[in-house]
1. Of Lys109/Lys588; Lys488/Lys590; Lys152/Lys570, which pairs sit farther than 25 Å apart, going by alpha carbon to alpha carbon?
2. Once the cut-off is 26 Å, how many percent of the Cα-Cα pairs in the range 260-391 end up in the long-distance tail?
3. On a 0 to 90 degree scale, rounded to 10, what angle separates helix 162-179 from the longest Cα axis of the chain?
4. What's the center-to-center distance, using Cα atoms, between the range 364-390 and the range 491-522 in Å?
5. Could you point to the residue in Gln472, Phe510, His457 farthest towards the positive end of the range 457-529's charge dipole, with +1 and -1 charges on the Cβ of Lys/Arg and Asp/Glu respectively?
6. Check each of the GluC sites (Glu not before Pro) in the range 484-593 and keep only those in coil by DSSP with at most 10 other C-beta atoms within 10 angstrom; list them in order.
7. Name the residue from Pro95, Gly116, Ile172 whose Cα lies farthest towards the positive end of the charge dipole of the range 66-206, charges +1 on Cβ of Lys and Arg and -1 on Cβ of Asp and Glu.
8. Give me the accessible area of Tyr63, 1.4 Å probe, in Å² rounded to the nearest 10.
Amino acid sequence: MEGSASAPAAKKGGISKKLLAIIVVAVLLVAAVAAAVLLLGNQGKAQRADNWLDEGFNLEIFYNSGNTARQTACELIKEGLESLNPGKIKITVTPLEWSNYLEYRKTGKMAAMFLGWAPDYADPDDYLQPFYMSSGTYASMIGYANETLDGKIAAAAAELDADQRAALYSEISHDMFEECLYLWTAQANNFAVQKDYVNGYYYNPMYSNLYYYVLSKDASAPEPDTFRYATIDGNAESFDPAVDYETVGGELLQNVYETLVWYDGDSGNDLIPMLATEVPTVENGGISADGLTYRFNIRTGVEFSNGNPLTAEDVKYSFDRGLMLNDPHGPFWMYGQVLIPDYYNYGMATFSTSGAIQPEITQAMCDAAIWVDGNTVQFNLTQAYPAFLSALAFNAGSIVDKEYVEANGGLTKAGYDYMATHMMGTGPFTLGEVAKDSFFKLDRNDNYWRDPAALAHVIINQVPETNARILQLQNGDADAIYVPRTQKTTIEAMEGVVLHTGLPSFNVDFMGLNQNLNLTGANPDLTNVPADFFADKNVRLAFAHAFNYGVYIEQTMQGTAIQPNGVIPKGMFGYDADVPVYEYSLEKAKEYLKAAKTPTEDTSSATVLDELSAAVVRLW
């Protein structure tokens, strides 16, 4: 402390010669480096353009291998963009196997993602929530958040007056056209190819590909009790209804599991009871007048394929485990948003080192949302939600066997991992042999509560090459195949083959533009843009006008599609025909890319001088 006898006496005579020399050297060093930095910095700035059109850029974009339509879409955007400044703008198109594609999508490593959206349920909210809500599946993947828009989406979803609800959707659609978060490339008609001995097929826009329970084959057909479907390569994301959110796994789920309500034949809007005894309405007392409670009487006499009886507890458990896991990339947002107060404030569950679940959405919260009374299940909504019944028909609402899940880990990391590769449902088929990258096999559930399926076996083969699939169909080695629409003329000329097309779907193809790109491990020779490249709306609009929609629809889609004007498909409630579409215009693309400014240099002369000054202070 001051005046301490142990404190050394102050030296006389001012600054030492050594310290003076250090200061002189430091000042000279600062001056020399500053001059160099200013000279080189100015030279660098003179060489760097202030806009992305003149500067150019490298960008790698991806498609899932085997999907020739998406490959063509990537090639079209490549062609359009590279023509804006040849040699300076370089787009690399790269295929990825489906599971790897999904992983890149989840981890934010895709700058631009070409995908298709098949609806979960026939309501505009099923499109707006994942694409535009801040916590939505795709909005979160592209790094987009807008609290004002979130409020509009929530208001539209809860509005019971149809006219007011439609007006809200129109306003949102116009706003999102201006924002240009996605390129809406096509809304397709159905396109299914089968042998002429296949019976029972009908098109439902809500199915994940084929519902095999309604299919059969002529007795004279090869292997009349076995159905072989040849598709592109791609593995299911998961076999767990709480997690899977893509069409490969969706096709398996809808044939092995069942939901409380299901679609009536080819209608995507009309529902029939499945594991419930009736579809609840206000009139029959199943739905409260305020739209906040839904009661379901569970069907008796139904068994899982292992013989365990279906109970109301199985229903509650199925929803509880999905809500508690709360996978942000999964489908349970459609239930959580109206069953859990302040749902979007909660994140995904974690697991302890022992594997015990540590949910943010707790069991107590689930118990408040879903009640069981004997053989009745009641859902208590936090707000009116006209689309709730339709949402329950989606695969995420599949009912699992509680006893089976608990016997294999239950609500633990081991339990969720087990259900990712196993299935136990009440549906017409069971999951048979699975060979990754090769095939899935479904076997008839002989314990099924309705009439058993006509088909004893279904084999879904992954055949990456289009010509190989066509040859299998022609030779009778496949009963149905996935085929690109570019092969429409070839298919129509084949004898013994039926092409089902012409019915409008609710599917939309799109390209999402990632505003928060994860550049970890990125090859700078292929991608040299900053992480927030697409945060500039001018960049997004440039991409929107560089894509040749007409060529894509007429040549790639063979005229079996239209250009969407937004996320809500034509033919669905809430669609507004007055919303414009993005036109293919390379001149507009140039204008927007010219208006998109390149970032300033991370290291400036001022920054260097500041650091040197700090060094001098430390020397002092």
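The values are calculated or read from the model by the stated rules, or taken from the named source; none is laboratory data. Remember, it's a predicted structure, so these values are computed and weren't measured experimentally. Using ideal geometry, Cβ is built from the backbone for each residue, glycine included, and neighbour counts are taken over all protein chains shown. Just the protein is used for accessible areas: all its heavy atoms, side chains included, with ligands, DNA and RNA removed. Shrake-Rupley method; radii C 1.70, N 1.55, O 1.52, S 1.80 Å.
1. Numbers: Lys109/Lys588 28 Å; Lys488/Lys590 35 Å; Lys152/Lys570 21 Å.
In this structure, Lys109/Lys588; Lys488/Lys590 lie more than 25 Å apart at Cα.
2. On the way: 2301 of 8646 pairs.
In whole percent, the share of Cα-Cα pairs in the range 260-391 beyond 26 Å is 27.
3. 40
4. Cα centres, the range 364-390 to the range 491-522: 35 Å.
5. Of the listed residues, the answer is Phe510.
6. On the way: sites: Glu492, Glu495, Glu554, Glu583, Glu587, Glu591; in loops: Glu495, Glu583.
Within the range 484-593, the qualifying GluC sites (Glu not before Pro) (loop, at most 10 other Cβ atoms within 10 Å) are Glu495.
7. Sorting the options by dipole projection puts first Pro95.
8. Solvent-accessible area, nearest 10 Å²: 20 Å².
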